[in-house]
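The values are calculated or read from the model by the stated rules, or taken from the named source; none is laboratory data. This one's a predicted model, so the numbers in the text were calculated from it and none came from an experiment. Don't worry about glycine lacking a Cβ; one is built from the backbone with ideal geometry, like all the others, and counts go over all protein chains shown.
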Amino acid sequence: MVEKTIDELQERYDLELGRIISEIKKTKAKLVLLQFPDGLKQYATAVVDYLEKKTNAEFLIWLGNCFGACDTPIGIEKLKPKIDLVIQFGHNELLPSYSK
């Protein structure tokens, strides 16, 4: 798998990373679970690297499938006491925007 950069990601998608950073800081989350749809998993480590630089939180990446907002990770209840915040990146509003 080719590593993708945060710049490449932000050129194609608006993941509202500023909003995520604000929420992490507001809730004082220390451990955050990130769930990506399959098409964005290639950017997962770039997102984590970026968020780690902007917050004091640690991140877990859910590598299972994600088919929408109602598709919460199986087994999360075992991790839930330790996880402060779950961020789920969805599909619908993440359509790439191409310059015309």
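I'm checking my understanding of the structure. Among residues of segment 72-95 that are assigned to a loop (DSSP other than H, G, I, E, B) and within 16 Å of Lys30 (Cα to Cα), which one is modelled with the lowest pLDDT? Result: Lys80.
Of the residues that sit in segment 43-59 and are over 15 Å from Ile21 (Cα atoms) and touching a Leu at 6+ places or on another chain (Cβ under 9 Å), which one is modelled with the lowest pLDDT? Step through it out loud before you land on a result.
Going residue by residue through segment 43-59, those that are over 15 Å from Ile21 (Cα atoms) are 43-45.
Still in the running and touching a Leu at 6+ places or on another chain (Cβ under 9 Å): 43-44.
Values: Tyr43: 87, Ala44: 90.
Selected residue: Tyr43.
Per this entry, Pro37 is counted among residues that are surrounded by 14 or more Cβ atoms within 10 Å (Cβ to Cβ) and modelled with pLDDT under 85.
Highlighted here are the helices (runs of 4 or more DSSP H) found entirely within segment 1-61 that include at least 3 residues which are under 18 Å from Lys82 (Cα atoms): 17-27. What are the residue pairs meeting all of these: first residue in segment 16-40, first residue in contact (Cβ under 8 Å) with a residue 60 or more places away in the chain, second residue assigned to a loop (DSSP other than H, G, I, E, B) and of a type in the set (Asp, Glu), Cβ atoms under 9 Å, and 6 or more apart or on different chains? Close Cβ pairs (under 9 Å, with a partner that is assigned to a loop (DSSP other than H, G, I, E, B) and of a type in the set (Asp, Glu)) amount to Ile24/Asp84.
For Ala69, are the conditions met, namely being within 21 Å of Asp84 (Cα to Cα), surrounded by 14 or more Cβ atoms within 10 Å (Cβ to Cβ) and either touching a Gly at 6+ places or on another chain (Cβ under 8 Å) or at pLDDT 80 or above (or both)? The answer is no for Ala69.
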